[in-house]
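Each remark here refers to the structure printed beneath this line.
The values are calculated or read from the model by the stated rules, or taken from the named source; none is laboratory data. Bear in mind that the values here come from a model prediction, so they are computed numbers and not experimental data. All Cβ positions, even for glycine, are placed from backbone atoms using ideal geometry, and neighbour counts span all protein chains on display. Only protein heavy atoms, including side chains, enter the accessible area calculation; ligands, DNA and RNA are left aside. Shrake-Rupley method; radii C 1.70, N 1.55, O 1.52, S 1.80 Å.
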Amino acid sequence: MDLSASSTSSPGEAAHRYAAALFDMALDTGDVDGVEAGLSALAKTVAENDDLHEALRSPLYKSEDKQAVLAELTSKIALPDLAQRFIGVVAMNGRAGDIAGMAAAFAERAARHRGATRVAARTAKDLTAAQAETLTSIVSKALGRDVDVEFEVDPALIGGLQLRVGSRLVDASLRAKLDGLTNAMKGA
């Protein structure tokens, strides 16, 4: 998954509208954190299963079928009731393929509500808890504000990391350096 084009980094307009509506309802019920965690878990589950991801995006499957699959999945993940009902409405409205974007847009709103900035960090391998905490602290200090960091693993980076803050991408991966070197050699 390319961080620069990831649905978790740039949700579409519809995803923002749906997330805004859900966020308002979650505020009313006082369960912003629970809904955010549930949506994040669901989006991660969908992203990790290519067949499920493609089926939810495909117009070949009926909305009712997508809703049934998502209902089963959300109950296994134990999403809060509000989030489960929301996912059902999303599926029936033909937007099941936008779940990752909605989760990302919801997380952005929740981070702003908490006074934090959402940052996506992609590394070549899983970070330890101490490494993740150190990276979060460094990014927070560099930006001068609290941050919520969402970690992703992409072995294709080879080493280093990529950080996305809003529309800015900082690519300090070994893959990017090798690509730059390859392009420089082609031009020589």
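Under the condition of being part of a helix (DSSP H, G or I), over 18 Å from Asp33 (Cβ atoms) and touching a Ser or Thr at 6+ places or on another chain (Cβ under 7 Å), the residues counted in the stretch 70-108 number 5.
Table: residues versus (1) out of contact with any Lys or Arg (no Cβ under 6 Å at 6 or more places or on another chain); (2) open to solvent by less than 50 Å² (accessible area, probe 1.4 Å); (3) touching a residue at least 24 places away in the same chain (Cβ under 8 Å).
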{"site": "Thr29", "(1), (2), (3)": "yes, no, yes"}
{"site": "Ala47", "(1), (2), (3)": "yes, yes, yes"}
{"site": "Val69", "(1), (2), (3)": "yes, no, no"}
{"site": "Ala96", "(1), (2), (3)": "no, yes, yes"}
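Filtered by the rule that a residue be in a helix (DSSP H, G or I), open to solvent by less than 30 Å² (accessible area, probe 1.4 Å) and within 16 Å of Ala111 (Cα to Cα), the stretch 141-164 gives no residues.
Which ones in the stretch 1-26 are in a helix (DSSP H, G or I), at pLDDT below 95 and among the hydrophobic types (A, V, I, L, M, F, W, C)? Result: Leu3, Ala5, Ala14, Ala15.
For the stretch 165-176, indicate whether the set of residues that are outside any helix (DSSP H, G or I), in contact with a strand residue (DSSP E or B) (Cβ under 8 Å, 6 or more places away or on another chain), of a type outside the set (D, E, K, R) and open to solvent by less than 30 Å² (accessible area, probe 1.4 Å) is non-empty. Checking the stretch 165-176: at least one residue is outside any helix (DSSP H, G or I), in contact with a strand residue (DSSP E or B) (Cβ under 8 Å, 6 or more places away or on another chain), of a type outside the set (D, E, K, R) and open to solvent by less than 30 Å² (accessible area, probe 1.4 Å). Applying the criterion of being in a helix (DSSP H, G or I), open to solvent by 40 Å² or more (accessible area, probe 1.4 Å) and touching a residue at least 12 places away in the same chain (Cβ under 8 Å) to the residues of the stretch 109-135, the residue that is nearest to Lys62 (Cα to Cα) is Arg109. What do you reckon, is Leu79 buried (at least 17 other Cβ atoms within 10 Å of the Cβ) and at pLDDT below 95? So Leu79 fits the description; yes.
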